[in-house]
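For reference, the structure discussed in these notes is given below.
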Amino acid sequence: EAGVAQSPRYKIIEKRQSVAFWCNPISGHATLYWYQQILGQGPKLLIQFQNNGVVDDSQLPKDRFSAERLKGVDSTLKIQPAKLEDSAVYLCASSLQQFSTDTQYFGPGTRLTVL
Amino acid sequence: GEDVEQSLFLSVREGDSSVINCTYTDSSSTYLYWYKQEPGAGLQLLTYIFSNMDMKQDQRLTVLLNKKDKHLSLRIADTQTGDSAIYFCAETPGNTGKLIFGQGTTLQVKP
């Protein structure tokens, strides 16, 4: 079974530029998560989708971050404009459903460096 | 509130047992998890425990839960150099699936 795929794996941009990350979850998984992991910290949830609807985006900085999952499968996370403090690893995870009993499987992440 | 605390670093010798500790704040968490992260890799689920259990054993891993003190620990028996990684404790408030992670404990295993 294929795992969660993410691209690109690395991205370097200058502040105020835009960037987009892509995630392809495990086939059949209804729930998709984006986490931000700053160096030396644990991952922090940015947004949670159930199919193509948003369940939780309370910690998403909506003035600069946006995410979509239009057909309930792949998802993109965008930052516009980027700030220095956005340098982090962006992790995508998916699970069968949205409950605590459903294991989350993580992708390898996209490492973003903002200069 | 939702907060998870872990010690930052643990160093052990190969063959010894490792114990990684975690405290959490949300008593509504139904499951508590341990994840492992190796350099440049994503997070790998190691094990989890349901909140009405005190202990769970899975091969070399033993999870202990003290719900009264909101304290969780992970014991790795016969620690190997391949166990060197960052270990994250996580709680799931309510039944939403949302994971709240600690800051991670770096385990260093010396030969």
Quiz item: When the stretch B:59-100 is examined, which residues are found to be in contact with a Gly (Cβ under 6 Å, 6 or more places away or on another chain) and closer than 16 Å to residue B:38 by Cβ?
Solution: B:86, B:88
Practice problem: Could you please find all residues in the stretch A:1-24 being away from chain B (no Cβ under 13 Å) and of a type outside the set (A, V, I, L, M)? | Solution: A:1, A:7, A:8, A:11, A:14, A:15, A:16, A:17, A:18, A:21, A:22, A:24
Practice problem: State yes or no: is residue B:68 loosely packed, with under 12 Cβ neighbours inside 10 Å, away from every other protein chain (no Cβ under 14 Å) and either out of contact with any Leu (no Cβ under 7 Å at 6 or more places or on another chain) or modelled with pLDDT of 95 or more (or both)? | Solution: yes
Exercise. State whether the residues of the stretch A:18-38 include one that is over 16 Å from the mean Cα position of the chain (by Cα) and assigned to a strand (DSSP E or B).
Key: no
Practice problem: Just name the residue that is surrounded by the fewest Cβ atoms within 10 Å (Cβ to Cβ) out of those in the stretch B:26-63 that are touching a residue at least 60 places away in the same chain (Cβ under 8 Å) and not acidic (Asp, Glu). | Solution: B:28
Quiz prompt | Positions within the stretch B:4-14 being open to solvent by 40 Å² or more (accessible area, probe 1.4 Å) and away from every other protein chain (no Cβ under 11 Å), in sequence order | solution = B:7, B:9, B:10, B:11, B:13, B:14
Quiz item: Within the stretch A:47-87, how many residues are of a type in the set (Val, Ile, Thr), closer than 24 Å to residue B:95 by Cα and buried (at least 19 other Cβ atoms within 10 Å of the Cβ)?
Solution: 1
Quiz item: What number of residues within the stretch A:39-58 satisfy the criterion of being touching a strand residue (DSSP E or B) at 6+ places or on another chain (Cβ under 6 Å) and at the interface with chain B (Cβ under 10 Å from one of its Cβ atoms)?
Solution: 8
Self-check item: Verdict on residue A:39 being closer than 12 Å to residue A:112 by Cβ, aliphatic (A, V, I, L, M) and open to solvent by 20 Å² or more (accessible area, probe 1.4 Å)
Solution: yes
Exercise. Could you tell me which numbered condition residue A:97 fails, if it satisfies all but one of (1) more than 9 Å from chain B (Cβ to nearest Cβ); (2) touching a strand residue (DSSP E or B) at 6+ places or on another chain (Cβ under 9 Å); (3) open to solvent by 50 Å² or more (accessible area, probe 1.4 Å)?
Key: (1)
Exercise. State yes or no: is residue A:90 among the aromatic types (Phe, Trp, Tyr), open to solvent by 30 Å² or more (accessible area, probe 1.4 Å) and in contact (Cβ under 8 Å) with a residue 40 or more places away in the chain?
Key: no
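The values are calculated or read from the model by the stated rules, or taken from the named source; none is laboratory data. From a predicted model like this one, the values you see are computed outputs, not experimental measurements. Reconstructed Cβ throughout: ideal geometry from the backbone, glycine too, with neighbour counts over all protein chains shown. To get the accessible areas, we keep the full protein, side chains included, count just its heavy atoms, and leave off ligands, DNA and RNA. Shrake-Rupley method; radii C 1.70, N 1.55, O 1.52, S 1.80 Å.
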